[in-house]
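Worksheet: one structure, shown below.
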Amino acid sequence: MTLNLSTPFFIGGEWTTFAGAPRSTVFNPSLGEPIGELPLGGTAEVDAAVRAAHAAFPAWADTPVVERARVMFKYRTLIEQHFDEIARLICKEHGKTYAEARGDLYRGYEVVELACAAPTLLTGELLPNIARGIDGELARYPLGVCAGITPFNFPAMIPLWMFPLALVCGNTFVLKPSERVPLTAIRLTQLLAEAGLPKGVFNLVHGGKESVDALLKHPLVKAVSFVGSTPIARYVYTTGTAHGKRVQANGGAKNYVVIMPDADVDKTVEGVMNAAFGCAGERCMAGSSVLTVGDRGRHVLPELVKAAQAMTVGRTDVEAQPGMGAVITAAHRDRVRSLVDDGERAGAKVIADGRGVKVKDAPNGFYLGATIVEDVRTDMKLAQEEVFGPVLNVVHMSDLEQAIALANTSSFGNGAAIFTRSGAAAREFKHRVKAGMIGVNVGVPAPMSMFPFSGWNESFFGDLHMQGRAGVQFYTQPKVTTSRWFIEGEGDIWRK
Ligand code: NAD
């Protein structure tokens, strides 16, 4: 099947476009070259998609849950059959490596597997005889039209955090993916249609702020799931809730990794390299600040620097895969570089420097090499802002107490990790650090689909997180029925 950017909207089961829509250029970041022009939707386009979803809702909500789950079983098989092709698409429009692209899709595929368990996940509760002759029961009902608004950095995983669960719960859906990575969303949509989803149950629109505002204010949209940067997450939450919608909005992050003096050097270096430089640091779970405890990190720092300097950077559309791919745009590369420049001017030491990296066969690609900056102070932008690039801050701490105190000054609260052989240190850290996802000898782990993606503070706005049972609760509303039947002898089963 071809991927067509000229009719990229999927509304009511048809691929379409809209005359006169403004356009945005989609790039291949590895090459720094345009892939195509994406039409951006606004109020009218969003309205068409929401109306299609609204029209499809009654029949879909009434479809038995086992039949809804069967669509997901088929979808799972189709993703499996097209795994390699989708991963290559992610490399092309995002610039991450093939292994990272497979990981991106795999984590989303796991949510599809979770959604296959819908009949169990949606089973209600019944308590007989809550009072004499009276039974209580709880059943879960869908909400109606749900919307998903997603960022560029996980083109497959993040949309898949949302719609598989929303759909099996009986909702219909409108997805608005990042305008920088529309191709993966288009392919995931094609496969969903092939899996047998009825027309209008899932709709795809593209756009920027105008399309987001249209979703947030549309009277027929009942719930909004958002993932992106903190300022937009806050905006989406306040605007969406002000318009009467249920909203879950994941924001940005700044994740601390504590390295204790007793940590295993090789395993720690491997874990930290992955956390800091995986996906070129463009992860909300990136381990972006290392706090070494005791002796200025002499046991790990030289090894980390060596590993960073040895990390290859390059094109992700070729067979020989680099250690790290490109960042999303030239502007983003320049911003990351300038944050490192600022830190250096303010007195931080750049001990591994990827700012000047060159990739011979892709001179226009958006590249940065692995960069480590030591002695980053809390008043520097590098310490305060989410860098979202391959830059690791290092700060030396005298003890665990000081490290926990520093980590807890963050306005974010997505993840944190500790590397240690001490159970006591790990326990202390786990209990006291103010973040929602903790790694112990695992570099800032994103929870698997059966657990919620549970950011705290300004990394999350809302009540119910994505994935797991929290995801099912978000996409359903409970109904409690209390029944009493006036039949002679009712309630006497024990006496007969
Ligand atoms: P972004 O906030 O720029 O964009 C996210 C979505 O919001 C996109 O669909 C975009 O079109 C839309 N958008 C952008 N500007 C808008 C505006 N002014 N009004 C309304 N909508 C707008 O984020 P990004 O650059 O695509 O992604 C990176 C960010 O996402 C990072 O901050 C990262 O930490 C965060 N993120 C968070 C999580 C998490 O689960 N906490 C996961 C992945 C990424």
* Structure fact -> In the set Leu183, Leu188, Leu175, Leu197, the lone residue that is of a type in the set (A, V, I, L, M, F, W, C) and closer than 21 Å to Lys245 by Cα is Leu175
* Restricting the first residue to segment 207-226 and requiring it to be within 12 Å of the ligand (Cβ to nearest atom), which pairs with a second residue that is basic (Lys, Arg) and not in a loop (DSSP other than H, G, I, E, B) meet a Cβ separation below 6 Å and a spacing of at least six or different chains? -> Ser211/Lys176
* If you go through segment 434-456, how many residues are within 11 Å of the ligand (Cβ to nearest atom) and more than 14 Å from the chain's Cα centre (by Cα)? -> 2
* Among the listed residues Ala233, Ala223, which satisfies the condition of being part of a helix (DSSP H, G or I), on the phi < 0 side of the Ramachandran plot and in the same structural domain as Pro151 (by TED's automatic domain parsing)? -> Ala233
* To do: Examine segment 261-274 for a residue that is assigned to a helix (DSSP H, G or I) and near the ligand (Cβ under 10 Å from one of its atoms), and state whether such a residue exists.
  => no
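Residues checked against (1) closer than 19 Å to Thr312 by Cβ; (2) of a type in the set (Val, Ile, Thr):
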| site | (1), (2) |
| --- | --- |
| Gly325 | yes, no |
| Val336 | yes, yes |
| Ala346 | no, no |
| Arg377 | no, no |
| Ala383 | no, no |
| Phe388 | no, no |
| Met397 | no, no |
| Asn408 | no, no |
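Does Glu319 meet the test of being without any contact (Cβ under 8 Å) to a residue 60 or more places away in the chain and either in contact with a helix residue (DSSP H, G or I) (Cβ under 8 Å, 6 or more places away or on another chain) or assigned to a helix (DSSP H, G or I) (or both)?
Taking the combined requirement at face value, the residue does not satisfy it.
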* To do: Filter segment 275-298 down to residues that are basic (Lys, Arg) and not in a helix (DSSP H, G or I) and give me whichever is nearest to the ligand (Cβ to nearest atom).
  => Arg283
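Out of Gly287, Gly281, Gly354, Gly251, report the one residue that is touching an Asp or Glu at 6+ places or on another chain (Cβ under 9 Å) and either surrounded by 18 or more Cβ atoms within 10 Å (Cβ to Cβ) or touching a residue at least 12 places away in the same chain (Cβ under 8 Å) (or both).
Testing whether each residue is touching an Asp or Glu at 6+ places or on another chain (Cβ under 9 Å) and either surrounded by 18 or more Cβ atoms within 10 Å (Cβ to Cβ) or touching a residue at least 12 places away in the same chain (Cβ under 8 Å) (or both) leaves just Gly251.
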* Structure fact -> Per the filter on segment 370-391, residues farther than 15 Å from Thr329 by Cα, part of a loop (DSSP other than H, G, I, E, B) and either of a type outside the set (Ser, Thr, Tyr) or not assigned by TED's automatic domain parsing to the domain that holds Met324 (or both) are Ala370, Asp375, Val376, Arg377, Asp379, Met380, Glu385, Glu386
* Breaking point among (1) under 17 Å from His94 (Cα atoms); (2) crowded, with 19+ Cβ neighbours inside 10 Å, for Phe10 -> (1)
* Structure fact -> Among the residues of segment 322-332, the number that are of a type in the set (Gly, Ala, Ser) and free of Cβ contacts under 8 Å to residues at least 60 places away in the same chain is 1
* Among the listed residues Leu89, Leu38, which satisfies the condition of being under 23 Å from the mean Cα position of the chain (by Cα) and in a helix (DSSP H, G or I)? -> Leu89
* Asked: For segment 451-467, what are the residues that are surrounded by 15 or more Cβ atoms within 10 Å (Cβ to Cβ) and touching a residue at least 60 places away in the same chain (Cβ under 8 Å)?
  -> Phe453, Gly455, Glu458, Ser459, Phe460, Phe461, Gly462, Leu464, His465, Met466, Gln467
* To do: Determine, yes or no, whether Phe388 is farther than 22 Å from Arg296 by Cβ and surrounded by 23 or more Cβ atoms within 10 Å (Cβ to Cβ).
  => yes
* Run down Ala55, Ala61, Ala44, Ala21 and say which single residue is part of a loop (DSSP other than H, G, I, E, B), within 26 Å of Gly200 (Cβ to Cβ) and among the aliphatic types (A, V, I, L, M). => Ala21
* Asked: Could you count how many residues in segment 299-316 are in contact with a Pro (Cβ under 9 Å, 6 or more places away or on another chain) and in a helix (DSSP H, G or I)?
  -> 1
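Each row is one residue, and each column tells you yes or no for (1) out of contact with any His (no Cβ under 7 Å at 6 or more places or on another chain); (2) outside the structural domain of Ala280 (by TED's automatic domain parsing); (3) surrounded by 21 or more Cβ atoms within 10 Å (Cβ to Cβ); (4) of a type in the set (Ser, Thr, Tyr).
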| residue | (1), (2), (3), (4) |
| --- | --- |
| Ala19 | yes, yes, no, no |
| Phe27 | yes, yes, yes, no |
| Ser30 | yes, yes, yes, yes |
| Gly36 | yes, yes, no, no |
| Ala44 | yes, yes, no, no |
| Phe73 | yes, yes, no, no |
| Thr77 | yes, yes, no, yes |
| Tyr98 | yes, yes, no, yes |
| Val112 | yes, yes, yes, no |
* To do: Output yes when any residue across segment 105-121 is more than 16 Å from the ligand (Cβ to nearest atom), without any contact (Cβ under 8 Å) to a residue 40 or more places away in the chain and either under 23 Å from Gln473 (Cα atoms) or over 16 Å from the mean Cα position of the chain (by Cα) (or both), and no when none is.
  => yes
* Those residues that are within 6 Å of the ligand (Cβ to nearest atom) and among the β-branched types (Val, Ile, Thr), I need them from segment 229-256; list them, please. => Ile232
* **Hits in segment 317-341 (condition: surrounded by fewer than 16 Cβ atoms within 10 Å (Cβ to Cβ) and touching a strand residue (DSSP E or B) at 6+ places or on another chain (Cβ under 6 Å))** => none
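The values are calculated or read from the model by the stated rules, or taken from the named source; none is laboratory data. This structure is a prediction, so every number in the text was calculated from the model and none was measured. Counting neighbours? That spans all protein chains shown, and the Cβs are built from the backbone with ideal geometry, glycine included.
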